[in-house]
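Asker: Input: one structure, supplied below.
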Amino acid sequence: MDIVIGIIVVIVVLALVAVLWGVAVYNGFIKSRNLIQESWRQIDVELNRRYELIPNLVETVRGYAAHERNTLEEVTRLRNTAAALASRDHDHASQERAAVETELTQAVRNLIVSVEAYPELKSNVNFLELQRELTDTEDRIAAGRRFYNANVREYNTKLETVPSNIIAGFANFEKATYFEVNDPLVRQAPGVNFGEISQRPQGTLTGGQTGSALPNPGQQVQQPYQAPSAAQAPQHQPVEQPRADGQG
């Protein structure tokens with residue numbers, strides 16, 4: 001009888017330990033998930049800051065480079081689309097928003113490329129101030145991305161490691177997605193000189209699918225938009241007509 005009681009006591013103690021461990025692991029997942037969401041919000045703040053700067057950049061460039069109308073319209077369209085998605089999905093990332101953000105980044109870079117042809121604009125005080133503010137914003141986005149990815153790595157490690165993955169499976173925790181750029185040069189924060197940015201190869205954002213509870217930067221490869229310049233316009237040469245007297 002004593003043996004039976006002893007076995008029951010052991011089973012109860014082990015069950016209690018298992019429950020306490022499960023609760024601790026579950027709470028750890030909740031804490032990590034909240035940290036991921038908070039770190040994404042920091043990136044979201046800087047992306048919104050960029051939305052505020054872009055209209056001023058467009059108007060400044062428009063005053064000096066009216067011929068870049070197509071590029072300016074493309075930047076404005078993408079900025080408005082990204083801002084609308086940010087308003088809708090302000091508390092989490094989405095694949096759709098990540099794609100638009102990638103296009104917007106490339107469109108702004110293409111706009112800066114076109115600015116190289118306008119020396120007066122490159123020396124404009126307003127433009128230089130916008131350049132500085134955009135550079136600082138991109139630096140903070142890069143720093144926020146590193147912090148976000150570190151939290152994602154820790155969370156995903158616990159999600160895939162035995163035995164914590166058992167609790168993750170029961171509670172339906174899903175894998176978080178990294179927010180990063182593939183190309184090493186694009187991962188660098190832009191320097192003070194926008195000309196340097198224009199010389200970098202275009203990168204792509206990568207990510208997989210996650211549940212709605214976690215940010216999902218997504219994956220998209222976009223071709224950069226190039227506005228035709230005057231030098232690329234076809235040159236029409238006059239056709240020489242034969243002389244009436246037959247001489248060439």
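The values are calculated or read from the model by the stated rules, or taken from the named source; none is laboratory data. Every value quoted in this text rests on a predicted model; they were computed, and no experiment measured them. When we count neighbours, we look across all protein chains shown, and the Cβ atoms used for this are built from the backbone with ideal geometry, even at glycine. All accessible areas refer to the heavy atoms of the entire protein, side chains included, with ligands and DNA or RNA removed. Shrake-Rupley method; radii C 1.70, N 1.55, O 1.52, S 1.80 Å.
Yes/no per residue for (1) buried (at least 16 other Cβ atoms within 10 Å of the Cβ); (2) at pLDDT below 75; (3) more than 24 Å from residue 56 (Cα to Cα); (4) in contact with a Phe, Trp or Tyr (Cβ under 9 Å, 6 or more places away or on another chain):
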{"position": "128", "(1), (2), (3), (4)": "no, no, no, no"}
{"position": "139", "(1), (2), (3), (4)": "no, no, no, no"}
{"position": "163", "(1), (2), (3), (4)": "no, no, yes, yes"}
{"position": "172", "(1), (2), (3), (4)": "no, no, yes, no"}
{"position": "182", "(1), (2), (3), (4)": "no, yes, yes, no"}
{"position": "191", "(1), (2), (3), (4)": "no, yes, no, no"}
{"position": "208", "(1), (2), (3), (4)": "no, yes, yes, yes"}
{"position": "211", "(1), (2), (3), (4)": "no, yes, yes, yes"}
{"position": "217", "(1), (2), (3), (4)": "yes, yes, yes, yes"}
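Asker: Checking the structure you have, find out if any residue of the range 49-63 is part of a helix (DSSP H, G or I), over 22 Å from residue 117 (Cβ atoms) and among the acidic types (Asp, Glu).
Answerer: Yes, the range 49-63 has at least one match.
Asker: So, in the range 141-161, of the ones that are open to solvent by 50 Å² or more (accessible area, probe 1.4 Å) and modelled with pLDDT of 90 or more, which residue ends up farthest from residue 42 (Cα to Cα)? First the steps, then the outcome.
Answerer: As a first pass, look at the range 141-161 and keep what is open to solvent by 50 Å² or more (accessible area, probe 1.4 Å): 146-147, 153-154, 157-158, 160-161.
Of the ones still in play, those that are also modelled with pLDDT of 90 or more are 147, 153-154, 157-158, 160-161.
Values: 147: 10, 153: 17, 154: 18, 157: 23, 158: 23, 160: 26, 161: 28 Å.
Residue satisfying both the conditions and the ranking: 161.
Asker: From the set of residues in the range 99-126 that are of a type in the set (Val, Ile, Thr) and out of contact with any strand residue (DSSP E or B) (no Cβ under 8 Å at 6 or more places or on another chain), which is surrounded by the fewest Cβ atoms within 10 Å (Cβ to Cβ)?
Answerer: Per the stated criteria, the residue is 125.
Asker: Before we move on, is residue 82 more than 30 Å from residue 174 (Cα to Cα), touching a residue at least 12 places away in the same chain (Cβ under 8 Å), in contact with a helix residue (DSSP H, G or I) (Cβ under 7 Å, 6 or more places away or on another chain) and among the hydrophobic types (A, V, I, L, M, F, W, C)?
Answerer: For residue 82, the condition - more than 30 Å from residue 174 (Cα to Cα), touching a residue at least 12 places away in the same chain (Cβ under 8 Å), in contact with a helix residue (DSSP H, G or I) (Cβ under 7 Å, 6 or more places away or on another chain) and among the hydrophobic types (A, V, I, L, M, F, W, C) - is not met.
Asker: Does residue 41 satisfy being open to solvent by 90 Å² or more (accessible area, probe 1.4 Å) and closer than 27 Å to residue 145 by Cβ?
Answerer: yes
Asker: From the list 33, 77, exactly one residue is modelled with pLDDT of 85 or more, of a type outside the set (Gly, Ala, Ser), open to solvent by 80 Å² or more (accessible area, probe 1.4 Å) and part of a helix (DSSP H, G or I). Which is it?
Answerer: Going through 33, 77 in turn, just one is modelled with pLDDT of 85 or more, of a type outside the set (Gly, Ala, Ser), open to solvent by 80 Å² or more (accessible area, probe 1.4 Å) and part of a helix (DSSP H, G or I): 77.
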